[in-house]
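J.: What follows is a structure written as structure tokens; I'll ask about it next.
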Amino acid sequence: MKIMGKDVRRGAAVLVLAAALLVAWYHFSYPVELNMVTLPKEIVAFHNRESEDWDPSEITVYGGVSVGDREYYLMEIGEYLGSVTLRRSLTGRYKIEYLRYGDGGFRNAIVESEGKKYLLLGGRDLTARIAGIAVSIDGRSYELENPNPGDHFLLCTEIDSRTEDNHIDLARLAFYNREGEDITGLYDLSGGGL
């Protein structure tokens, strides 16, 4: 009976140690504490694993939106417009999943969370004129309101869950000012994915 008790204690200790290691691994696999001051440093660390060296001072992070367990942020890296996608863990920490950047003034994506789909649309508006946006996706029209026009924006709206596209056709996009006037012609609609 004495040997059996020791075996049970050893087994329990091994299970506790395994559980502690699993919790530690999970915790450290989400290394980012979401903080707008330190996020540029996290973006640089993520990027510099595989590419040229960036400096955090080259990165400006603008407003973000939450969809499910992901956070999407618009950012600039020098002259490039980009985005960063972070995934939230059960403990409230994050890891960077995607980093995208390139030429053009607009970024968009259609993302899914819990069976629902959402349109994310962001970009530069250096004259702060864009107050409303109309877009057509799979023959359905959507309007996004930009309540606080500024030099950059990132908007999100739920769209039909049957939508098959992953991005919008920027040629089917229209911008409106506060007076409701179409100002699309004032903008270069180039861009890429968010």
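J.: Return the pair list, or none, for Cβ contacts closer than 8 Å from residues in region 175-194 that are within 13 Å of A134 (Cα to Cα) to residues that are among the aromatic types (F, W, Y), at least 6 apart or on different chains.
T.: These pairs meet every condition: F175/Y187; D182/F175; D182/Y176; I183/F175; I183/Y176; T184/F175.
J.: Looking at R140, R88 in this structure, which one is crowded, with 16+ Cβ neighbours inside 10 Å and either among the basic types (K, R) or more than 17 Å from L170 (Cα to Cα) (or both)?
T.: The match here is R88.
J.: Please specify each residue of region 26-46 satisfying the condition of being at pLDDT below 85 and not charged (D, E, K, R).
T.: Y26, H27, F28, S29, Y30, P31, V32, L34, N35, M36
J.: If you go through region 169-189, how many residues are open to solvent by 70 Å² or more (accessible area, probe 1.4 Å), of a type in the set (A, V, I, L, M) and closer than 21 Å to R140 by Cα?
T.: The total comes to 1.
J.: Moving on to the next point. Any residue at all in region 104-126 that's open to solvent by 30 Å² or more (accessible area, probe 1.4 Å) and hydrophobic (A, V, I, L, M, F, W, C)?
T.: yes
J.: Taking region 143-163 only, how many residues are β-branched (V, I, T), part of a strand (DSSP E or B) and open to solvent by less than 30 Å² (accessible area, probe 1.4 Å)?
T.: Total satisfying the criteria: 1.
J.: Sticking with this one: Any idea how many residues of region 38-77 are assigned to a loop (DSSP other than H, G, I, E, B) and either in contact (Cβ under 8 Å) with a residue 24 or more places away in the chain or buried (at least 19 other Cβ atoms within 10 Å of the Cβ) (or both)?
T.: 2
J.: Now for a separate question. Does any residue of region 99-120 turn out to be farther than 29 Å from I133 by Cα and in contact (Cβ under 8 Å) with a residue 12 or more places away in the chain? First the steps, then the outcome.
T.: Restricting attention to region 99-120, the residues satisfying the condition of being farther than 29 Å from I133 by Cα are none.
The answer is no; no qualifying residue exists.
J.: Of (1) assigned to a loop (DSSP other than H, G, I, E, B); (2) touching a Phe, Trp or Tyr at 6+ places or on another chain (Cβ under 7 Å); (3) open to solvent by 60 Å² or more (accessible area, probe 1.4 Å), I130 satisfies all except one. Which?
T.: In the conditions (1) assigned to a loop (DSSP other than H, G, I, E, B); (2) touching a Phe, Trp or Tyr at 6+ places or on another chain (Cβ under 7 Å); (3) open to solvent by 60 Å² or more (accessible area, probe 1.4 Å), I130 misses (3) alone.
The values are calculated or read from the model by the stated rules, or taken from the named source; none is laboratory data. The structure displayed is predicted, hence computed values, not measured ones. Every residue, glycine as well, gets a Cβ built from its backbone with ideal geometry; the counts of neighbours run over all protein chains shown. In case anyone asks, the SASA skips ligands and DNA or RNA and just uses the protein heavy atoms, side chains included. Shrake-Rupley method; radii C 1.70, N 1.55, O 1.52, S 1.80 Å.
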